[in-house]
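Contents: one structure, followed by commentary.
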Amino acid sequence: MKRLLLVLVSAITVFLIFKSSAPDGTKGVKILTFTEDIAPIIRQNCITCHHEGGGAPFPLTNYREVVKRLRFIKEVTQTRYMPPWKADPHYRSFANERGLTEKEINLIQTWSEQGTQKGEGDLSIIDPAEVKAKLTAVYDDELSMSKPHIVPGDNSDLFVFYGIFFERSESHPIEAIEFIPGNRKVVHHANISFYSLNKSIDLGGKGALSVLLDLDNPKHVALFNIPQQNHLYATGWVPGASPMQFPEGIGFDLPKNGFLLLGIHYAPTAIEEEDLSSIKIRYAKKPIRNKIQAITIGSSGIGEFDKSLDIAPNEIKTLTVSLNIPRDIYLFSANPHMHLLGRKFEAKAISPNGESIPLVRIKDWDFNWQEFYQFKEPLKIEAGSTIHATGTFDNTEDNPFNPNYPPIPVTIDGMKTEDEMLAFMIFFTLEKP
Ligand code: HEC
(Lines give C-alpha, C1' and ligand atoms only; values in the text may rest on other atoms or scores of the structure.)
Protein backbone atom coordinates (compact mmCIF):
# COMPACT_ATOMS: atom_id res chain seq x y z
CA MET A 1 0.00 0.00 0.00
CA LYS A 2 2.82 2.32 0.95
CA ARG A 3 4.45 1.53 -2.42
CA LEU A 4 1.25 2.23 -4.28
CA LEU A 5 0.93 5.60 -2.60
CA LEU A 6 4.49 6.32 -3.59
CA VAL A 7 3.69 5.80 -7.27
CA LEU A 8 0.85 8.26 -7.03
CA VAL A 9 2.81 10.94 -5.28
CA SER A 10 6.14 10.52 -7.03
CA ALA A 11 4.92 12.12 -10.24
CA ILE A 12 3.95 15.31 -8.44
CA THR A 13 6.75 15.25 -5.87
CA VAL A 14 9.28 16.90 -8.12
CA PHE A 15 6.88 19.77 -8.61
CA LEU A 16 6.09 20.05 -4.91
CA ILE A 17 9.72 20.03 -3.90
CA PHE A 18 10.49 22.59 -6.49
CA LYS A 19 7.79 24.89 -5.13
CA SER A 20 8.70 24.54 -1.49
CA SER A 21 12.46 24.14 -1.92
CA ALA A 22 12.57 22.84 1.67
CA PRO A 23 12.46 19.06 1.49
CA ASP A 24 11.23 18.55 5.05
CA GLY A 25 8.61 21.24 4.59
CA THR A 26 6.52 19.13 2.21
CA LYS A 27 4.05 17.56 4.58
CA GLY A 28 2.71 14.16 3.59
CA VAL A 29 5.43 13.48 1.04
CA LYS A 30 7.65 10.60 1.89
CA ILE A 31 11.33 11.46 1.98
CA LEU A 32 13.17 8.90 -0.09
CA THR A 33 16.40 7.38 1.15
CA PHE A 34 19.33 5.72 -0.50
CA THR A 35 19.22 2.48 1.45
CA GLU A 36 15.49 1.94 1.11
CA ASP A 37 14.62 3.36 -2.29
CA ILE A 38 17.69 3.82 -4.48
CA ALA A 39 20.15 1.03 -3.63
CA PRO A 40 17.69 -1.72 -4.71
CA ILE A 41 17.30 -0.10 -8.15
CA ILE A 42 21.04 0.21 -8.68
CA ARG A 43 21.67 -3.31 -7.38
CA GLN A 44 19.08 -4.80 -9.72
CA ASN A 45 19.91 -2.85 -12.87
CA CYS A 46 23.37 -1.34 -12.83
CA ILE A 47 26.03 -3.14 -10.82
CA THR A 48 26.44 -6.14 -13.13
CA CYS A 49 28.45 -3.70 -15.28
CA HIS A 50 29.15 -0.82 -12.92
CA HIS A 51 31.55 -2.53 -10.50
CA GLU A 52 35.35 -2.58 -10.45
CA GLY A 53 36.39 -4.58 -13.54
CA GLY A 54 32.78 -4.90 -14.70
CA GLY A 55 33.07 -3.35 -18.15
CA ALA A 56 31.46 0.02 -17.43
CA PRO A 57 33.86 2.94 -16.96
CA PHE A 58 33.12 3.55 -13.24
CA PRO A 59 31.60 1.68 -10.30
CA LEU A 60 28.21 2.44 -8.74
CA THR A 61 28.60 0.28 -5.70
CA ASN A 62 27.91 2.61 -2.79
CA TYR A 63 26.25 5.86 -1.74
CA ARG A 64 29.30 8.02 -2.45
CA GLU A 65 29.82 6.66 -5.96
CA VAL A 66 26.17 7.14 -6.84
CA VAL A 67 25.96 10.69 -5.49
CA LYS A 68 29.16 11.65 -7.31
CA ARG A 69 27.57 10.72 -10.68
CA LEU A 70 24.01 11.64 -9.85
CA ARG A 71 23.61 14.34 -12.47
CA PHE A 72 24.59 11.85 -15.20
CA ILE A 73 22.61 9.02 -13.66
CA LYS A 74 19.46 11.14 -13.77
CA GLU A 75 20.13 12.02 -17.36
CA VAL A 76 20.95 8.54 -18.67
CA THR A 77 18.04 6.89 -16.87
CA GLN A 78 15.57 9.49 -18.08
CA THR A 79 16.71 9.19 -21.69
CA ARG A 80 16.75 5.37 -21.18
CA TYR A 81 20.33 5.24 -22.38
CA MET A 82 21.06 3.20 -19.25
CA PRO A 83 20.67 0.37 -18.52
CA PRO A 84 21.37 -0.42 -22.17
CA TRP A 85 18.54 -2.30 -23.88
CA LYS A 86 17.75 -1.64 -27.50
CA ALA A 87 14.73 -3.85 -28.24
CA ASP A 88 11.34 -2.15 -28.03
CA PRO A 89 9.61 -3.70 -24.97
CA HIS A 90 6.19 -2.75 -26.36
CA TYR A 91 6.83 -4.95 -29.39
CA ARG A 92 8.07 -7.95 -27.43
CA SER A 93 9.59 -8.33 -24.00
CA PHE A 94 12.32 -10.86 -23.32
CA ALA A 95 13.64 -13.04 -20.51
CA ASN A 96 16.96 -11.19 -20.36
CA GLU A 97 15.39 -7.74 -20.58
CA ARG A 98 16.94 -4.78 -18.76
CA GLY A 99 15.20 -1.51 -18.06
CA LEU A 100 13.84 0.78 -15.38
CA THR A 101 10.15 1.36 -14.90
CA GLU A 102 8.75 4.87 -15.12
CA LYS A 103 8.35 4.70 -11.35
CA GLU A 104 11.99 3.79 -10.76
CA ILE A 105 13.18 6.62 -13.00
CA ASN A 106 11.02 9.06 -11.03
CA LEU A 107 12.31 7.74 -7.69
CA ILE A 108 15.86 8.63 -8.70
CA GLN A 109 14.79 12.15 -9.72
CA THR A 110 12.81 12.69 -6.54
CA TRP A 111 15.55 11.36 -4.28
CA SER A 112 17.91 13.85 -5.90
CA GLU A 113 15.50 16.76 -5.49
CA GLN A 114 14.95 15.82 -1.84
CA GLY A 115 18.66 16.14 -1.12
CA THR A 116 19.96 12.54 -1.45
CA GLN A 117 19.12 11.30 2.06
CA LYS A 118 21.20 8.34 3.18
CA GLY A 119 18.72 6.41 5.25
CA GLU A 120 19.46 3.69 7.74
CA GLY A 121 21.90 0.87 7.37
CA ASP A 122 24.67 -0.12 5.01
CA LEU A 123 25.58 2.41 2.33
CA SER A 124 27.29 -0.11 0.07
CA ILE A 125 25.16 -1.89 -2.49
CA ILE A 126 27.31 -4.75 -3.51
CA ASP A 127 28.64 -7.87 -2.05
CA PRO A 128 31.75 -8.34 -4.19
CA ALA A 129 31.62 -12.09 -3.52
CA GLU A 130 28.27 -12.18 -5.30
CA VAL A 131 29.77 -10.89 -8.53
CA LYS A 132 32.86 -13.07 -8.32
CA ALA A 133 30.77 -16.22 -7.72
CA LYS A 134 29.55 -16.15 -11.29
CA LEU A 135 33.04 -16.11 -12.75
CA THR A 136 34.49 -18.81 -10.57
CA ALA A 137 31.70 -21.32 -11.32
CA VAL A 138 33.07 -24.75 -12.11
CA TYR A 139 33.66 -25.53 -15.77
CA ASP A 140 34.75 -28.72 -17.51
CA ASP A 141 36.35 -27.31 -20.61
CA GLU A 142 37.89 -24.16 -21.93
CA LEU A 143 38.64 -22.87 -25.42
CA SER A 144 41.07 -20.01 -25.40
CA MET A 145 43.07 -17.76 -27.67
CA SER A 146 46.54 -19.33 -27.64
CA LYS A 147 48.44 -16.12 -27.10
CA PRO A 148 47.47 -12.62 -26.05
CA HIS A 149 46.20 -10.26 -28.71
CA ILE A 150 48.06 -6.96 -28.70
CA VAL A 151 45.68 -4.01 -28.88
CA PRO A 152 47.70 -1.01 -30.10
CA GLY A 153 47.33 2.26 -28.21
CA ASP A 154 46.20 4.22 -31.26
CA ASN A 155 42.76 5.29 -30.02
CA SER A 156 40.85 3.45 -32.73
CA ASP A 157 38.23 0.69 -32.72
CA LEU A 158 39.61 -2.71 -33.61
CA PHE A 159 37.69 -5.75 -34.87
CA VAL A 160 39.40 -9.13 -34.98
CA PHE A 161 38.35 -12.70 -35.65
CA TYR A 162 40.02 -15.71 -34.14
CA GLY A 163 39.41 -19.20 -35.46
CA ILE A 164 39.84 -21.84 -32.80
CA PHE A 165 40.02 -25.42 -34.11
CA PHE A 166 39.52 -28.07 -31.48
CA GLU A 167 39.64 -31.82 -31.09
CA ARG A 168 38.27 -33.78 -28.15
CA SER A 169 38.38 -37.52 -27.47
CA GLU A 170 34.58 -37.62 -27.80
CA SER A 171 31.65 -35.28 -28.20
CA HIS A 172 30.03 -33.79 -25.08
CA PRO A 173 26.55 -32.43 -24.36
CA ILE A 174 26.80 -28.81 -23.21
CA GLU A 175 24.94 -27.30 -20.28
CA ALA A 176 26.47 -23.81 -19.99
CA ILE A 177 28.82 -21.49 -21.88
CA GLU A 178 30.45 -18.32 -20.66
CA PHE A 179 32.70 -15.89 -22.50
CA ILE A 180 35.47 -14.66 -20.20
CA PRO A 181 36.97 -11.38 -21.43
CA GLY A 182 40.70 -11.38 -20.75
CA ASN A 183 41.06 -7.63 -20.41
CA ARG A 184 37.85 -5.81 -19.55
CA LYS A 185 39.45 -2.44 -20.20
CA VAL A 186 39.48 -3.13 -23.93
CA VAL A 187 37.08 -6.00 -24.73
CA HIS A 188 33.98 -4.13 -25.83
CA HIS A 189 31.87 -6.97 -27.14
CA ALA A 190 32.33 -10.46 -28.55
CA ASN A 191 30.47 -12.94 -30.74
CA ILE A 192 30.97 -16.69 -30.58
CA SER A 193 29.84 -19.32 -33.10
CA PHE A 194 30.37 -23.06 -32.86
CA TYR A 195 30.60 -25.24 -35.97
CA SER A 196 31.16 -28.92 -36.53
CA LEU A 197 33.76 -29.93 -39.12
CA ASN A 198 33.05 -32.64 -41.66
CA LYS A 199 36.65 -33.73 -41.81
CA SER A 200 38.48 -34.94 -38.75
CA ILE A 201 41.46 -32.82 -37.92
CA ASP A 202 44.46 -33.96 -35.97
CA LEU A 203 45.96 -31.29 -33.77
CA GLY A 204 48.58 -33.67 -32.45
CA GLY A 205 47.05 -33.86 -29.01
CA LYS A 206 47.08 -30.07 -28.62
CA GLY A 207 43.35 -29.91 -27.91
CA ALA A 208 42.88 -26.58 -29.64
CA LEU A 209 44.64 -24.30 -32.06
CA SER A 210 43.78 -20.65 -32.33
CA VAL A 211 44.49 -18.61 -35.45
CA LEU A 212 44.10 -14.88 -35.93
CA LEU A 213 42.07 -14.63 -39.15
CA ASP A 214 43.25 -12.40 -41.95
CA LEU A 215 40.28 -11.06 -43.93
CA ASP A 216 42.50 -10.50 -46.97
CA ASN A 217 43.42 -14.18 -47.10
CA PRO A 218 40.80 -16.15 -49.13
CA LYS A 219 41.58 -19.37 -47.22
CA HIS A 220 40.77 -17.65 -43.96
CA VAL A 221 37.68 -15.96 -45.36
CA ALA A 222 36.43 -19.39 -46.51
CA LEU A 223 36.06 -20.31 -42.84
CA PHE A 224 33.18 -17.86 -42.61
CA ASN A 225 31.34 -19.93 -45.19
CA ILE A 226 31.04 -23.20 -43.31
CA PRO A 227 27.65 -24.59 -44.44
CA GLN A 228 24.53 -23.71 -42.44
CA GLN A 229 23.98 -27.31 -41.36
CA ASN A 230 27.33 -27.28 -39.55
CA HIS A 231 26.40 -24.20 -37.57
CA LEU A 232 25.76 -25.45 -34.06
CA TYR A 233 25.30 -22.49 -31.80
CA ALA A 234 26.21 -18.88 -31.32
CA THR A 235 26.05 -16.38 -28.56
CA GLY A 236 27.28 -12.91 -27.84
CA TRP A 237 28.86 -11.08 -24.98
CA VAL A 238 28.55 -7.47 -23.93
CA PRO A 239 29.54 -6.17 -20.48
CA GLY A 240 27.01 -7.48 -18.01
CA ALA A 241 25.92 -10.49 -20.08
CA SER A 242 25.25 -13.59 -18.03
CA PRO A 243 26.52 -17.07 -18.93
CA MET A 244 24.32 -19.00 -21.36
CA GLN A 245 22.64 -21.85 -19.54
CA PHE A 246 20.41 -24.38 -21.31
CA PRO A 247 17.35 -26.03 -19.77
CA GLU A 248 17.86 -29.73 -19.01
CA GLY A 249 17.86 -31.96 -22.08
CA ILE A 250 18.09 -28.98 -24.44
CA GLY A 251 21.28 -27.70 -26.03
CA PHE A 252 23.91 -28.92 -28.42
CA ASP A 253 26.83 -31.30 -28.43
CA LEU A 254 30.36 -30.00 -28.52
CA PRO A 255 31.59 -32.13 -31.43
CA LYS A 256 34.71 -34.24 -31.33
CA ASN A 257 36.17 -32.06 -34.06
CA GLY A 258 35.01 -28.52 -34.40
CA PHE A 259 35.69 -24.90 -35.09
CA LEU A 260 34.90 -21.88 -32.98
CA LEU A 261 34.67 -18.46 -34.57
CA LEU A 262 35.41 -15.75 -32.03
CA GLY A 263 34.87 -12.16 -33.10
CA ILE A 264 36.04 -9.45 -30.72
CA HIS A 265 35.50 -5.71 -30.84
CA TYR A 266 38.26 -3.91 -28.93
CA ALA A 267 37.46 -0.41 -27.70
CA PRO A 268 39.87 2.44 -28.49
CA THR A 269 42.74 2.78 -26.03
CA ALA A 270 45.53 5.33 -25.70
CA ILE A 271 48.02 2.81 -24.31
CA GLU A 272 48.89 -0.62 -25.64
CA GLU A 273 46.93 -3.42 -23.96
CA GLU A 274 46.97 -7.22 -24.14
CA ASP A 275 43.96 -9.49 -24.12
CA LEU A 276 43.67 -13.24 -23.71
CA SER A 277 39.97 -14.09 -23.80
CA SER A 278 38.44 -17.54 -23.51
CA ILE A 279 35.21 -19.51 -23.50
CA LYS A 280 34.38 -21.74 -20.57
CA ILE A 281 32.09 -24.70 -21.05
CA ARG A 282 30.26 -26.91 -18.58
CA TYR A 283 29.26 -30.38 -19.77
CA ALA A 284 25.76 -31.66 -19.09
CA LYS A 285 25.36 -34.86 -17.10
CA LYS A 286 22.48 -36.03 -19.29
CA PRO A 287 22.39 -36.35 -23.08
CA ILE A 288 20.70 -33.71 -25.22
CA ARG A 289 17.18 -34.85 -26.21
CA ASN A 290 16.16 -31.72 -28.03
CA LYS A 291 18.89 -30.10 -30.08
CA ILE A 292 19.12 -26.35 -30.47
CA GLN A 293 19.59 -25.39 -34.08
CA ALA A 294 20.71 -22.15 -35.60
CA ILE A 295 19.90 -20.45 -38.88
CA THR A 296 21.10 -17.10 -40.11
CA ILE A 297 18.50 -15.35 -42.21
CA GLY A 298 20.10 -12.76 -44.50
CA SER A 299 23.76 -11.85 -44.99
CA SER A 300 26.07 -14.86 -44.76
CA GLY A 301 22.97 -17.03 -44.36
CA ILE A 302 19.83 -17.98 -46.31
CA GLY A 303 16.63 -16.24 -47.44
CA GLU A 304 15.39 -13.97 -50.23
CA PHE A 305 16.16 -10.26 -50.29
CA ASP A 306 13.52 -8.01 -51.86
CA LYS A 307 16.02 -5.47 -53.27
CA SER A 308 19.59 -5.20 -54.47
CA LEU A 309 22.23 -5.32 -51.75
CA ASP A 310 23.92 -2.11 -52.83
CA ILE A 311 23.51 1.13 -50.94
CA ALA A 312 24.52 4.21 -52.90
CA PRO A 313 26.21 7.21 -51.29
CA ASN A 314 23.61 9.47 -49.64
CA GLU A 315 20.93 6.78 -49.93
CA ILE A 316 18.62 5.70 -47.11
CA LYS A 317 17.49 2.19 -47.95
CA THR A 318 15.04 -0.19 -46.31
CA LEU A 319 15.15 -3.81 -47.37
CA THR A 320 13.69 -7.08 -46.21
CA VAL A 321 14.97 -10.63 -46.25
CA SER A 322 12.41 -13.41 -45.96
CA LEU A 323 12.60 -17.10 -45.21
CA ASN A 324 9.85 -19.71 -45.35
CA ILE A 325 9.79 -22.04 -42.34
CA PRO A 326 8.79 -25.48 -43.66
CA ARG A 327 7.98 -27.12 -40.32
CA ASP A 328 7.03 -26.18 -36.78
CA ILE A 329 9.88 -24.70 -34.79
CA TYR A 330 10.18 -23.38 -31.23
CA LEU A 331 12.23 -20.20 -30.98
CA PHE A 332 14.57 -19.80 -28.01
CA SER A 333 16.54 -16.73 -28.91
CA ALA A 334 17.28 -14.36 -31.74
CA ASN A 335 20.07 -12.00 -32.70
CA PRO A 336 19.58 -9.08 -35.08
CA HIS A 337 22.79 -7.94 -36.73
CA MET A 338 23.71 -4.90 -38.79
CA HIS A 339 26.80 -2.73 -38.90
CA LEU A 340 27.36 1.02 -38.64
CA LEU A 341 24.87 2.23 -41.28
CA GLY A 342 22.00 0.30 -39.69
CA ARG A 343 19.36 2.57 -38.12
CA LYS A 344 16.25 0.44 -37.62
CA PHE A 345 15.50 -3.27 -37.43
CA GLU A 346 12.31 -5.27 -37.27
CA ALA A 347 11.67 -9.00 -37.49
CA LYS A 348 8.30 -10.73 -37.50
CA ALA A 349 6.77 -14.03 -38.53
CA ILE A 350 3.64 -14.23 -40.67
CA SER A 351 1.77 -17.47 -40.03
CA PRO A 352 -0.08 -19.36 -42.82
CA ASN A 353 -3.40 -17.81 -41.72
CA GLY A 354 -1.92 -14.32 -41.97
CA GLU A 355 -1.32 -13.67 -38.27
CA SER A 356 1.67 -11.44 -37.56
CA ILE A 357 3.91 -12.53 -34.69
CA PRO A 358 6.27 -9.79 -33.51
CA LEU A 359 9.82 -11.03 -32.87
CA VAL A 360 12.22 -8.12 -32.29
CA ARG A 361 12.03 -4.41 -33.06
CA ILE A 362 14.86 -1.92 -32.59
CA LYS A 363 13.89 1.65 -33.38
CA ASP A 364 17.31 3.11 -32.82
CA TRP A 365 19.96 0.58 -33.79
CA ASP A 366 23.30 0.85 -32.01
CA PHE A 367 26.14 -1.31 -33.20
CA ASN A 368 27.67 -1.19 -29.72
CA TRP A 369 24.78 -2.82 -27.93
CA GLN A 370 23.99 -6.08 -29.66
CA GLU A 371 22.09 -8.79 -27.88
CA PHE A 372 20.99 -12.38 -28.11
CA TYR A 373 17.37 -11.79 -27.16
CA GLN A 374 15.97 -14.71 -25.17
CA PHE A 375 12.26 -15.42 -25.48
CA LYS A 376 10.39 -15.79 -22.20
CA GLU A 377 8.88 -19.09 -23.38
CA PRO A 378 9.90 -21.07 -26.46
CA LEU A 379 7.86 -19.36 -29.17
CA LYS A 380 6.09 -21.65 -31.63
CA ILE A 381 6.38 -20.69 -35.29
CA GLU A 382 4.01 -22.81 -37.32
CA ALA A 383 5.01 -24.74 -40.44
CA GLY A 384 4.40 -22.59 -43.52
CA SER A 385 5.14 -19.32 -41.75
CA THR A 386 7.52 -16.77 -43.22
CA ILE A 387 10.03 -14.85 -41.14
CA HIS A 388 10.76 -11.35 -42.42
CA ALA A 389 13.69 -9.27 -41.20
CA THR A 390 13.70 -5.63 -42.29
CA GLY A 391 16.60 -3.23 -41.89
CA THR A 392 16.93 0.46 -42.66
CA PHE A 393 20.38 1.73 -43.58
CA ASP A 394 21.46 5.34 -43.65
CA ASN A 395 24.40 6.03 -45.94
CA THR A 396 24.12 9.81 -45.70
CA GLU A 397 26.48 12.28 -44.05
CA ASP A 398 23.84 12.84 -41.37
CA ASN A 399 24.40 9.39 -39.92
CA PRO A 400 26.92 10.07 -37.14
CA PHE A 401 28.14 6.44 -37.30
CA ASN A 402 28.85 6.54 -41.04
CA PRO A 403 32.56 5.63 -41.19
CA ASN A 404 32.95 7.30 -44.59
CA TYR A 405 33.04 11.00 -45.17
CA PRO A 406 31.97 11.68 -47.87
CA PRO A 407 29.81 8.50 -48.09
CA ILE A 408 30.92 5.75 -50.49
CA PRO A 409 29.00 2.86 -52.15
CA VAL A 410 28.49 0.05 -49.64
CA THR A 411 27.22 -3.49 -50.05
CA ILE A 412 25.24 -5.65 -47.64
CA ASP A 413 27.21 -8.85 -47.82
CA GLY A 414 30.53 -8.38 -46.10
CA MET A 415 32.24 -9.62 -42.97
CA LYS A 416 34.32 -6.49 -42.54
CA THR A 417 32.90 -3.71 -40.43
CA GLU A 418 33.17 -1.28 -43.37
CA ASP A 419 30.73 -3.51 -45.26
CA GLU A 420 27.13 -3.75 -44.17
CA MET A 421 25.08 -6.73 -43.05
CA LEU A 422 21.42 -7.47 -42.54
CA ALA A 423 21.20 -10.71 -40.63
CA PHE A 424 18.78 -12.29 -38.21
CA MET A 425 20.07 -15.36 -36.46
CA ILE A 426 17.47 -17.60 -34.84
CA PHE A 427 17.92 -20.46 -32.37
CA PHE A 428 15.22 -23.06 -32.09
CA THR A 429 14.30 -26.67 -31.42
CA LEU A 430 12.21 -28.87 -33.71
CA GLU A 431 10.41 -30.66 -30.90
CA LYS A 432 8.24 -28.89 -28.37
CA PRO A 433 10.47 -28.41 -25.30
C1 HEC B 1 25.22 -3.99 -19.60
C2 HEC B 1 26.13 -3.17 -18.87
C3 HEC B 1 25.63 -1.92 -18.22
C4 HEC B 1 24.56 -1.78 -17.40
C5 HEC B 1 23.59 -2.85 -16.91
C6 HEC B 1 24.52 -0.39 -17.02
N7 HEC B 1 25.55 0.29 -17.61
FE8 HEC B 1 25.95 2.29 -17.45
N9 HEC B 1 27.46 2.09 -18.79
C10 HEC B 1 27.91 0.91 -19.33
C11 HEC B 1 29.02 1.19 -20.23
C12 HEC B 1 29.82 0.15 -20.99
C13 HEC B 1 29.21 2.58 -20.22
C14 HEC B 1 30.23 3.39 -21.00
C15 HEC B 1 29.91 3.48 -22.44
C16 HEC B 1 28.86 4.45 -22.75
O17 HEC B 1 28.76 5.52 -22.10
O18 HEC B 1 28.13 4.18 -23.70
C19 HEC B 1 28.21 3.12 -19.31
C20 HEC B 1 28.05 4.47 -19.03
C21 HEC B 1 27.24 4.98 -18.04
C22 HEC B 1 27.18 6.38 -17.65
C23 HEC B 1 27.98 7.51 -18.27
C24 HEC B 1 27.28 7.99 -19.50
C25 HEC B 1 28.01 9.10 -20.18
O26 HEC B 1 27.37 9.74 -21.03
O27 HEC B 1 29.19 9.28 -19.92
C28 HEC B 1 26.28 6.48 -16.61
C29 HEC B 1 25.91 7.72 -15.84
C30 HEC B 1 25.74 5.14 -16.39
N31 HEC B 1 26.35 4.26 -17.27
C32 HEC B 1 24.80 4.82 -15.44
C33 HEC B 1 24.17 3.58 -15.36
C34 HEC B 1 23.05 3.31 -14.49
C35 HEC B 1 22.43 4.30 -13.51
C36 HEC B 1 22.69 2.01 -14.71
C37 HEC B 1 21.55 1.26 -14.08
C38 HEC B 1 20.26 1.90 -14.08
C39 HEC B 1 23.60 1.47 -15.71
N40 HEC B 1 24.47 2.46 -16.09
C41 HEC B 1 23.55 0.16 -16.20
C42 HEC B 1 27.41 -0.35 -19.09
C43 HEC B 1 26.27 -0.61 -18.35
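Residues checked against (1) β-branched (V, I, T); (2) under 23 Å from the mean Cα position of the chain (by Cα); (3) more than 10 Å from the ligand (Cβ to nearest atom); (4) crowded, with 20+ Cβ neighbours inside 10 Å:
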{"site": "N62", "(1), (2), (3), (4)": "no, no, yes, no"}
{"site": "V66", "(1), (2), (3), (4)": "yes, no, no, yes"}
{"site": "L70", "(1), (2), (3), (4)": "no, no, no, no"}
{"site": "I73", "(1), (2), (3), (4)": "yes, yes, no, yes"}
{"site": "T79", "(1), (2), (3), (4)": "yes, yes, no, no"}
{"site": "M82", "(1), (2), (3), (4)": "no, yes, no, yes"}
{"site": "P89", "(1), (2), (3), (4)": "no, yes, yes, no"}
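Being outside the structural domain of T296 (by TED's automatic domain parsing) and away from the ligand (no atom under 16 Å from the Cβ) is the requirement here; does K199 meet it?
Numbers: outside the structural domain of T296 (by TED's automatic domain parsing): yes; away from the ligand (no atom under 16 Å from the Cβ): yes.
Yes, satisfied.
Among the criteria (1) surrounded by fewer than 15 Cβ atoms within 10 Å (Cβ to Cβ); (2) away from the ligand (no atom under 13 Å from the Cβ); (3) modelled with pLDDT of 95 or more, the one E113 does not fulfil is (1). Screening K219, K206 for residues that are among the charged types (D, E, K, R), surrounded by fewer than 17 Cβ atoms within 10 Å (Cβ to Cβ) and part of a loop (DSSP other than H, G, I, E, B) leaves exactly one candidate, K206.
Here is the figure for the stretch 33-48: residues that are more than 8 Å from the ligand (Cβ to nearest atom) and either in contact with a helix residue (DSSP H, G or I) (Cβ under 7 Å, 6 or more places away or on another chain) or of a type in the set (D, E, K, R) (or both) total 5.
Here K280 meets the list (1) surrounded by 21 or more Cβ atoms within 10 Å (Cβ to Cβ); (2) farther than 16 Å from T392 by Cα almost entirely, failing just condition (1). On the given criteria, is P227 within 24 Å of L203 (Cα to Cα), more than 16 Å from the ligand (Cβ to nearest atom) and outside the structural domain of F427 (by TED's automatic domain parsing)? Yes; evaluated as a whole, the condition is true for this residue. In the stretch 61-79 there is at least one residue matching the filter, namely being closer than 30 Å to A176 by Cβ, at pLDDT below 95, outside the structural domain of Y283 (by TED's automatic domain parsing) and part of a loop (DSSP other than H, G, I, E, B).
Results for (1) more than 30 Å from M82 (Cα to Cα); (2) in contact with a strand residue (DSSP E or B) (Cβ under 6 Å, 6 or more places away or on another chain); (3) not β-branched (V, I, T), shown as yes or no for each residue.
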| site | (1), (2), (3) |
| --- | --- |
| E248 | yes, no, yes |
| Y266 | no, yes, yes |
| S300 | yes, no, yes |
| I316 | no, yes, no |
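Checking the structure you have, find out if any residue of the stretch 20-30 is modelled with pLDDT of 95 or more, among the small types (G, A, S), more than 29 Å from F372 (Cα to Cα) and not in a loop (DSSP other than H, G, I, E, B). Show your work before the answer.
Start the filter on the stretch 20-30 by keeping residues that are modelled with pLDDT of 95 or more, which leaves none.
Looking for residues that are modelled with pLDDT of 95 or more, among the small types (G, A, S), more than 29 Å from F372 (Cα to Cα) and not in a loop (DSSP other than H, G, I, E, B), one finds none in the stretch 20-30, hence no.
Of all residues in the stretch 49-58, which are within 12 Å of the ligand (Cβ to nearest atom) and surrounded by fewer than 18 Cβ atoms within 10 Å (Cβ to Cβ)? Step through it out loud before you land on a result.
The initial filter retains those residues of the stretch 49-58 that are within 12 Å of the ligand (Cβ to nearest atom), namely 49-51, 54-58.
Listed by number, the residues that qualify are P57, F58.
Listed here are the strands (runs of 3 or more DSSP E) enclosed by the stretch 291-370 that have at least 2 residues being surrounded by fewer than 16 Cβ atoms within 10 Å (Cβ to Cβ): 316-325, 356-362.
Can you find even one residue in the stretch 368-376 that is over 25 Å from W237 (Cβ atoms), assigned by TED's automatic domain parsing to the domain that holds S300 and not charged (D, E, K, R)? Looking for residues that are over 25 Å from W237 (Cβ atoms), assigned by TED's automatic domain parsing to the domain that holds S300 and not charged (D, E, K, R), one finds none in the stretch 368-376, hence no.
For the stretch 275-282, the condition holds for no residue, the condition being that it is closer than 30 Å to P409 by Cα, outside the structural domain of M425 (by TED's automatic domain parsing) and touching an Asp or Glu at 6+ places or on another chain (Cβ under 8 Å).
The values are calculated or read from the model by the stated rules, or taken from the named source; none is laboratory data. As the structure is a prediction and not an experimental result, all values here were calculated from the model. With ideal geometry, Cβ positions are generated from the backbone for all residues, glycine too; neighbour counts draw on all protein chains shown.
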